[in-house]
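Colleague: The structure that follows is given in the form of structure tokens.
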Amino acid sequence: MKIPVNQKILLVTVLACLTLVGMLGLIVQLQVHDSLSLDWVFEQDNQKAIRLGVAVTLGLIAILAVSINHLSRTPITALRTMQDDRSEQATAVNVKRQLTSYSARELERKTANLRANIDRLAIKNDSESESARQGLQDSIYSDLSQLEQLSADLKRIAQDDKELPSQHIDNVDFPELLAGTLSAFYPQFNARGAQVAMKRCGTSIVRANEKQLQQVLNILIHAALESIQENDEVTLHCERTLVAVSLRLHHSNLQCPGEDLDLCKSIIDLYQGFLSAHVSSDGGLEIVIMLPLQKTA
């Protein structure tokens, strides 16, 4: 274990003081008795002086011990707190930077998709059915709604520049949040001919910023939707243990951009959880999230 510099200085100072006291004692003995014999200790006339010297020495050692204990512990605690605060702030800044980048990418993608759909709708195509054109209009309205949401997200990130996500943490029921988030994607999965199988665990309260946590779920479920193929089965397995709640997301063609995974991992890290992604035996990604449970009385 590495000893901080301030503790080293204190230890050296204490040792030097004790050494000095010992040397002074030897010098005095040599000057008075001209030897290092301890016979003078037992002389009756010297007992009072010896007791006084012992009392003074013990008092000095006690004072030094209390001072060292105070000076050594307080700065270390303060230093650790400062380091934790700086680490949390750096992580929060990184999350905001990644959120801004993600929102900008999504804004660009949705804008391009919206433009393509509008151009397609503007071109009269007799081969397209009325239902197909209606579906195209619905897609345009959906894109417009998502563009509004992305704009609101970017505005919120800019306004929250001086605040950390951890300043807005709440008790969040993770399985409930997952179920609510997934329900909005069911029509899109059904439209692509894919099945969704979800195993939900009981109430599992975690401490997190609910909007940030929902952003993670949105990104991952959207990645599952974008990489889905017909007849694929998406599985979401939510499980609770004594200390944590976990989510496993998988399907045989699941892919997720590295930048999006990095953003999700940064957010999960902010709340003392972890996220991992690895290729499964069938070739698709398996993404695992784990978050510590909030202790209840």
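Colleague: Given R₀ = 35 Å, what would the calculated FRET efficiency be for residue 118 paired with residue 237, taking r from the Cβ atoms and rounding to 0.05?
Modeller: On the way: r = 40 Å, r/R0 = 1.14.
In this case the efficiency is close to 0.30.
Colleague: Multiply the residue gap between residue 272 and residue 203 by 0.36 nm, knock off their C-alpha separation, and tell me the result in nm, one decimal place. Present the calculation step by step, with values, prior to reporting the outcome.
Modeller: Details: separation 69, 0.36 × 69 = 24.84 nm, distance 1.92 nm.
Using 0.36 nm per residue and subtracting the Cα-Cα distance, I get 22.9 nm.
Colleague: Residues in region 171-207, backbone N under 14 Å from the label point at residue 138 (7 Å along the Cα-to-beta-carbon vector): list them, ranges by number please.
Modeller: Inside the label zone: 185-193.
Colleague: Next up: Region 177-297: D in µm²/s via Stokes-Einstein (Kirkwood Rh, Cα pairs, 20 °C, 1.002 mPa s)? Before the final figure, lay out each step's value.
Modeller: Values: Rh = 14.6 Å.
D = 146 µm²/s.
Colleague: Read phi for every residue in region 267-279 and hand back ³J(HN,Hα) as whole Hz from Karplus 6.51 cos²θ - 1.76 cosθ + 1.60, θ = phi - 60°, with x for Gly and Pro.
Modeller: Per-residue couplings from phi come out as 5, 5, 4, 4, 10, 6, x, 8, 10, 9, 9, 9, 6 Hz.
Colleague: Trypsin sites (Lys or Arg not before Pro) within region 207-297: which are DSSP loop residues with at most 12 other Cβ atoms inside 10 Å? Could the numbers behind the result be given before it?
Modeller: Details: sites: 207, 211, 240, 248, 265, 295; in loops: 295.
The qualifying sites are 295.
Colleague: Express the Stokes-Einstein translational diffusion coefficient of region 170-215 in µm² s⁻¹, to the nearest whole number, given a Kirkwood radius over alpha-carbon pairs, 25 °C and a viscosity of 0.890 mPa s. Don't jump to the answer; show the numbers that get you there.
Modeller: On the way: Rh = 11.7 Å.
Answer, rounded: 209 µm²/s.
FYI, it's all coordinate maths here, none of it is from the lab. Note that the coordinates shown come from a computational prediction; the quantities given were computed from them, not determined experimentally. Heads up, the Cβs are rebuilt from the backbone with ideal geometry, glycines too, and the neighbour counts pull from every protein chain shown.
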